[in-house]
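*Asks:* Below: one structure in structure tokens.
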């Protein structure tokens with residue numbers, strides 16, 4: 001299992017941690033969207049944060065969608081994560097490569113800009129629930145933590161890291177989400193946050209091969225309880241049949257125009273880049289279905 005999530009509890013059972021390694025998942029997203037360094041880092045961090053949030057909050061058959069709506073050059077980022085820890089996502093402008101920060105790291109904040117972080121949860125009810133908070137950092141990890149604290153009333157700390165190589169491939173990716181449960185003392189929370197701040201840089205640790213289990217022990221202590229690892233993956237549920245249903249929602253005159261002018265149709269999935277072609281016969285069948 002190359003990419004996976006591990007859940008852990010501290011010895012007091014009042015702190016919960018989720019930690020993941022996600023190089024393969026982020027690499028697939030980077031390749032599918034041909035994302036350059038700033039876009040790849042921002043998209044990757046949002047993918048990781050969304051999987052952590054899904055692992056923390058969703059029950060079977062539920063899903064959530066995270067929208068990072070910044071005014072920076074990378075544009076909006078949209079990610080959907082499911083309870084089975086599969087995720088898909090895209091960035092509006094994948095070809096963004098800005099000047100590095102003075103310390104040499106990717107300037108994710110400059111790419112994201114200011115705006116809003118929205119989380120919409122589809123819990124199988126009549127209306128999905130949406131929570132929204134302003135982007136307070138643009139580094140994304142702090143923005144997820146702010147969302148959890150303000151919208152979910154869960155004191156949290158989040159760390160997200162995507163190391164992008166000079167050729168835009170992904171060298172390492174992973175992160176953690178720490179949540180204080182009811183009964184957690186302020187002293188324990190303060191001590192744990194201090195331990196996180198004293199840790200080596202997350203990207204450096206991931207490049208050196210740190211596992212989610214080791215990360216959990218470093219944050220919660222060697223006596224923490226670790227649960228069975230769960231695989232994570234980039235996975236899109238698009239299909240030709242699903243996009244045929246989208247074509248069927250168009251007005252009949254629009255389908256007639258496609259037949260007359262283009263002799264077919266081609267649709268591209270924003271989340272994964274897969275393309276679906278419909279020839280004249282297939283398009284005529286969709287049009288005939290609308291006339292029934």
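This table checks each residue for (1) modelled with pLDDT of 95 or more; (2) on the phi < 0 side of the Ramachandran plot; (3) exposed (fewer than 13 other Cβ atoms within 10 Å of the Cβ).
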| site | (1), (2), (3) |
| --- | --- |
| 186 | no, yes, yes |
| 198 | no, yes, yes |
| 231 | yes, yes, no |
| 247 | no, yes, no |
| 250 | no, yes, no |
| 276 | yes, yes, no |
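*Asks:* Turning to a different aspect of this structure: Do we find a residue being modelled with pLDDT of 95 or more, within 11 Å of the chain's Cα centre (by Cα), assigned by TED's automatic domain parsing to the domain that holds residue 206 and more than 25 Å from residue 209 (Cα to Cα) anywhere in the range 28-38? Don't jump to the end; show me each part of the working.
*Replies:* Applying the first criterion (modelled with pLDDT of 95 or more) to the range 28-38 yields 28-38.
Still in the running and within 11 Å of the chain's Cα centre (by Cα): 29.
If we keep only those that are assigned by TED's automatic domain parsing to the domain that holds residue 206 too, we end up with 29.
Now narrow it down to the ones that are more than 25 Å from residue 209 (Cα to Cα): none.
Taking every residue of the range 28-38 in turn, none turns out to be modelled with pLDDT of 95 or more, within 11 Å of the chain's Cα centre (by Cα), assigned by TED's automatic domain parsing to the domain that holds residue 206 and more than 25 Å from residue 209 (Cα to Cα).
*Asks:* Looking at the range 240-251, can you tell me whether even one residue there is outside the structural domain of residue 181 (by TED's automatic domain parsing) and over 26 Å from residue 65 (Cα atoms)?
*Replies:* Scanning the range 240-251 turns up at least one residue that is outside the structural domain of residue 181 (by TED's automatic domain parsing) and over 26 Å from residue 65 (Cα atoms).
*Asks:* Given the criteria surrounded by fewer than 18 Cβ atoms within 10 Å (Cβ to Cβ) and farther than 30 Å from residue 80 by Cβ, does residue 208 qualify?
*Replies:* Taking the combined requirement at face value, the residue satisfies it.
*Asks:* Quick check on the range 89-112: of everything there that is in contact with a strand residue (DSSP E or B) (Cβ under 9 Å, 6 or more places away or on another chain) and part of a loop (DSSP other than H, G, I, E, B), which residue is surrounded by the most Cβ atoms within 10 Å (Cβ to Cβ)?
*Replies:* Step by step, filter the range 89-112, then rank; the result is 106.
*Asks:* From 216, 180, grab the single residue that is surrounded by 15 or more Cβ atoms within 10 Å (Cβ to Cβ), touching a residue at least 40 places away in the same chain (Cβ under 8 Å) and within 21 Å of the chain's Cα centre (by Cα). Don't jump to the end; show me each part of the working.
*Replies:* Values: 180 fails: within 21 Å of the chain's Cα centre (by Cα).
When all the criteria are applied, what remains is 216.
*Asks:* Another question, if that's okay. All but one of (1) in a helix (DSSP H, G or I); (2) out of contact with any helix residue (DSSP H, G or I) (no Cβ under 8 Å at 6 or more places or on another chain) hold for residue 286; which doesn't?
*Replies:* Going through (1) in a helix (DSSP H, G or I); (2) out of contact with any helix residue (DSSP H, G or I) (no Cβ under 8 Å at 6 or more places or on another chain) one by one, residue 286 breaks only (2).
*Asks:* Separate question: I need the full set of residues from the range 229-267 which are free of Cβ contacts under 8 Å to residues at least 60 places away in the same chain and part of a loop (DSSP other than H, G, I, E, B), in order please.
*Replies:* From the range 229-267, those free of Cβ contacts under 8 Å to residues at least 60 places away in the same chain are 238-267; that's our starting set.
If the condition is that a residue be free of Cβ contacts under 8 Å to residues at least 60 places away in the same chain and part of a loop (DSSP other than H, G, I, E, B), then 238, 239, 248, 249, 250, 251, 263 are the ones that fit.
*Asks:* Answer with yes or no whether residue 128 is more than 14 Å from the chain's Cα centre (by Cα), modelled with pLDDT under 95 and either closer than 23 Å to residue 272 by Cβ or crowded, with 21+ Cβ neighbours inside 10 Å (or both). Step through it out loud before you land on a result.
*Replies:* Working: more than 14 Å from the chain's Cα centre (by Cα): yes; modelled with pLDDT under 95: yes; either closer than 23 Å to residue 272 by Cβ or crowded, with 21+ Cβ neighbours inside 10 Å (or both): yes.
Answer is yes for this residue.
The values are calculated or read from the model by the stated rules, or taken from the named source; none is laboratory data. These figures come from a predicted structure and were not determined experimentally. Here Cβ is always computed from backbone atoms with ideal geometry, including for glycine, and neighbour counts include all displayed protein chains.
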